[in-house]
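A.B. asks: My questions all concern the structure below.
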Amino acid sequence: MSSEHFSWNIVYDFLTGPALWFTFIFFIGGLLLRIAFLFHLSRRKDRVIYNHVNLGWGLRSIFYWLIPWASASMRQQPVFSVVAFIFHLTLLAVPLFLAAHNTLWDEAFGISFWSLPDTLADWMTLIFIVSAGFLFVRRLRRPEVRILTTSWDYALLVMTALPFLTGFLAYHQWGPYELLLILHIVFGEILLILIPITKLGHMILFFFTRAFIGFEMGGRRGAKSW
Ligand code: HEM
Ligand code: HEM
């Protein structure tokens, strides 16, 4: 084995060993802490919301905001809504159900999910990249969105897309394979670490916000929030 390959192996072992453990612990622990902190804050500052908790209104609000065009505000932006839906669907499905990832889940935890056929996962990756590009350009083009967008919003969108871009290139072996795989893992881990400490935390917080607005509007005023 050449010395060059040897050094990639050390990097790979580090990234898929201690660094990966750190990443998962930070990701799950960080999200739990964030929920705990916000829960505590709401008990202290906004206790009154707990007086009209209503599961039915909460769940319906979540449901109507998950399905494309189910909410009035999504129907006002039909193209954006469907692209954002496809963006999230592929974003969650590919990393969870990719055969190559499943092998790693299996090695690490002895669990493996059902796998997507490779060709399908590859197409979904491409579709994800196109939808991320659409969302990026939309932020630049639409004045009402652009004015609300900070450089950090663009950066997070790019950071979300980088594991897909590098995973895709590595899978097709377009470019220096070892380097691309290392970059892929680094970007994947950075993304997971960013989730609890940025607005990407909405992957969990979304459900609380939607449920709360749902029963706030529904339980208290009888009005739909979708
Ligand atoms: C964090 C640790 C991660 C590890 C160790 C890892 C590992 C891998 C490996 C070994 C491959 C296969 C490359 C090949 O076929 O040669 C791959 C592909 C891929 N991964 Fe990851 N990955 C990680 C995180 C992520 C994340 C967070 C995402 C997305 C959010 C992601 C999305 C993808 C995609 C889209 C592909 C290529 C699919 C295709 O075009 O066929 N990965 N990954
Ligand atoms: C089940 C989990 C999730 C839900 C319910 C959810 C929901 C949402 C919603 C409602 C929006 C705002 C409008 C829209 O684009 O539809 C949004 C935007 C966004 N989400 Fe998620 N999300 C989830 C997971 C994630 C994850 C895991 C990531 C990244 C790792 C992510 C990245 C983004 C980004 C980058 C945007 C902004 C898109 C733009 O710039 O227009 N989401 N998400």
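The values are calculated or read from the model by the stated rules, or taken from the named source; none is laboratory data. None of these values were measured; they are calculated from a predicted model. Ideal geometry is used to build each Cβ from the backbone, glycine not excepted, and the neighbour counts take in all protein chains shown. All accessible areas refer to the heavy atoms of the entire protein, side chains included, with ligands and DNA or RNA removed. Shrake-Rupley method; radii C 1.70, N 1.55, O 1.52, S 1.80 Å.
A.B. asks: Please tell me if HIS202 is modelled with pLDDT of 95 or more and under 23 Å from PHE37 (Cβ atoms).
C.D. replies: Spelling it out, HIS202 is indeed modelled with pLDDT of 95 or more and under 23 Å from PHE37 (Cβ atoms).
A.B. asks: What is the residue count in region 67-85 for residues that are among the aliphatic types (A, V, I, L, M) and either open to solvent by 50 Å² or more (accessible area, probe 1.4 Å) or within 19 Å of GLY133 (Cβ to Cβ) (or both)?
C.D. replies: Number of matching residues: 5.
A.B. asks: Residue by residue through region 19-34, note down the ones that are closer than 13 Å to ILE197 by Cβ, buried (at least 16 other Cβ atoms within 10 Å of the Cβ) and of a type in the set (A, V, I, L, M).
C.D. replies: Matches in region 19-34: LEU31 only.
A.B. asks: Quick one: what pairs do we get from region 128-149, first residue in contact (Cβ under 8 Å) with a residue 40 or more places away in the chain and open to solvent by 40 Å² or more (accessible area, probe 1.4 Å), second away from ligand 1 (no atom under 16 Å from the Cβ) and in a helix (DSSP H, G or I), C-beta under 6 Å, 6+ apart or different chains?
C.D. replies: Pairs found: PHE134/VAL83.
A.B. asks: Residues that are under 30 Å from GLY188 (Cβ atoms): list the helices (runs of 4 or more DSSP H) wholly contained in region 1-78 that include at least 2 such residues.
C.D. replies: In region 1-78, 3-16, 18-45, 55-66 are the helices (runs of 4 or more DSSP H) which contain 2 or more residues that are under 30 Å from GLY188 (Cβ atoms).
A.B. asks: Which of the following residues is touching a strand residue (DSSP E or B) at 6+ places or on another chain (Cβ under 7 Å), small (Gly, Ala, Ser) and either on the phi < 0 side of the Ramachandran plot or within 16 Å of ligand 2 (Cβ to nearest atom) (or both): ALA132, ALA100, ALA121?
C.D. replies: Exactly one residue qualifies, and that residue is ALA121.
A.B. asks: While we're here: Any idea which of SER112, SER42 is in contact with an Asp or Glu (Cβ under 6 Å, 6 or more places away or on another chain) and more than 13 Å from ligand 2 (Cβ to nearest atom)?
C.D. replies: From the options SER112, SER42, the qualifying one is SER112.
A.B. asks: Among (1) within 30 Å of LEU55 (Cα to Cα); (2) at pLDDT 95 or above, which single condition is ARG210 missing?
C.D. replies: All conditions pass for ARG210, except number (2).
A.B. asks: To continue, here is another question. Six or more apart or on different chains, Cβ atoms under 7 Å: show the pairs whose first residue is in region 182-203 and closer than 15 Å to ALA161 by Cβ and open to solvent by 60 Å² or more (accessible area, probe 1.4 Å) and whose second is within 11 Å of ligand 1 (Cβ to nearest atom) and in a helix (DSSP H, G or I).
C.D. replies: Qualifying pairs under 7 Å: LEU183/THR166; ILE190/MET159.
A.B. asks: Please go through region 150-181 and give me each residue that is small (Gly, Ala, Ser), within 11 Å of ligand 2 (Cβ to nearest atom) and either surrounded by fewer than 13 Cβ atoms within 10 Å (Cβ to Cβ) or under 23 Å from ILE10 (Cβ atoms) (or both), ordered by number.
C.D. replies: Result: ALA155, single match.
A.B. asks: Turning to a different aspect of this structure: So, THR103, is that one β-branched (Val, Ile, Thr), part of a helix (DSSP H, G or I) and modelled with pLDDT under 95 or not?
C.D. replies: Criteria met by THR103.
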